[in-house]
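Some notes on the structure that comes next.
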Amino acid sequence: MSQKLLFGVDGSERAYQALYNLGSVLEPTDIHFHLFYAAPESALFYPGELSTLSGEPGQWQKAQEGQARAIIERAVGLLLDLGFKRSRIEQELRLKSVNAAQDILAASERQAPSAIVLARKGRSAVKRFFLGSTTAMVCQYAEKLPVWVVGNQSLEPPHLLVALEESQYAGRILAHVGEHFGKLPGTRVTLFHVMAAKPPGYWDDGHILDEKERSERQRVVVKWRAAYEEETGGFFLKAKSQLTDAGVPERNISIKSQTLIEGIARDILAEVGRGDYNILAFGRRGSSAIKEFTLGSRAAKMLHNPFDCTIILVS
């Protein structure tokens, strides 16, 4: 069964660039695009244009629809120029939109895509994810669907940093990555895990350890770390097998892990900065999407990152 991506078009150059980047890498696959544009009423006109149309019944609406169709047709033309067949492209307009995020989420309920795709907005994290923005709201409330936030960085060839921990999300992240990128030539995947510096039960004793206690504590930590590394080793082998089954060559899969330094989100982003990754994939934590996007949450920190790579958030 073909995968379908619901791509939110907004008429911006960054959105067209994001669509070009994504289309360029996915054209060899059988993935389909559902292009969706939620056109806010009067957003397509300057004040002077509105005054010239206001006296003619129906002309304003017709002009708005015409400009909205031009915006989405430009996106269609971009995919056709990349080699997509028209049968792989669907389009949908929502005129007089009051809330683009809600309209995108409603469209995803109707279309059942494999993911919702949006473009990053500018270089500023503040502008890109200000409270109430379309991107932030879609990420916050799309609890059942992965959300891709595509940057301007080229995706050819895909090099994914997949942040993993032993949770219910690990299998879903790997399955999603494999389904969409596994059979693409040149795809590379780095599996990355941040482990605790020492057993959580030994973070704080409330007193200064004497020499004997320190020696005993060190033995406990060494024993714990050996068991932890053995456990994660099996976890990584299983993850690697899942990716090779999806079509990623074993030679293109690498594994990295490190001890916690500044915090899980910051350590993952530091790895993004060190590597040549163009995609960062990670999963939600917890059962509530609202909790996930409170100020300072791990997901919010990852989405606010200063890099222009593509983000894949898997639910």
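In the structure shown, do any of 121/238; 183/240; 121/144; 4/144; 62/121 have a Cα-Cα gap over 26 Å, and if so which?
Over 26 Å Cα-Cα: 121/238; 62/121.
If you take the Cα atoms of region 136-177, find Rg, then find the Kirkwood Rh from the mean of 1/r over all pairs, what is Rg/Rh? Before the final figure, lay out each step's value.
Numbers: Rg = 12.3 Å, Rh = 12.4 Å.
My calculation puts Rg/Rh at 1.00.
Once you place label points 7 Å from the Cα toward the Cβ at residue 235 and residue 270, how far apart are they in nm?
Going from the residue 235 label point to the residue 270 one covers 1.9 nm.
If one computes the Cα centroid of region 232-261 and of region 1-42, what distance in Å separates the two points?
Spelled out, the Cα-based centre of one part sits 30 Å from the other.
Starting from the Cα of residue 87, step 7 Å toward the Cβ, then list every residue of region 1-34 with an amide N under 15 Å from that point.
Flagged as within label range: 1-3, 29-33.
Return the FRET efficiency for the residue pair residue 99, residue 12: r is the Cβ-Cβ distance, R0 is 25 Å, and the value is rounded to the nearest 0.05. Don't skip to the answer; put the middle values down first.
Working: r = 18 Å, r/R0 = 0.72.
For residue 99 and residue 12, the calculated efficiency is 0.90.
What FRET efficiency comes out for residue 195 versus residue 30 if R0 is 45 angstrom and r is the Cβ-Cβ distance? Round to the nearest 0.05. Don't skip to the end; give the middle numbers.
Details: r = 38 Å, r/R0 = 0.85.
After rounding to 0.05, the efficiency reads 0.75.
Go through 156, 165, 73 and list them by solvent-accessible area, largest first, probe radius 1.4 Å. Intermediate results must be reported in sequence, preceding the final value.
Values: 156 110, 165 60, 73 85 Å².
If we order 156, 165, 73 from most to least accessible, we get 156, 73, 165.
How do 191, 78 stack up against each other in accessible area, from largest to smallest, with a 1.4 angstrom probe? Walk me through the numbers on the way to the answer.
Values: 191 0, 78 30 Å².
Result, largest first: 78, 191.
The values are calculated or read from the model by the stated rules, or taken from the named source; none is laboratory data. Please read these numbers as outputs of a predicted model, since none were measured by experiment. Backbone-built Cβ (ideal geometry, glycine too); neighbour counts: all protein chains shown. Quick note on the areas: whole protein, heavy atoms, side chains included, nothing else; ligands and nucleic acids left out. Shrake-Rupley method; radii C 1.70, N 1.55, O 1.52, S 1.80 Å.
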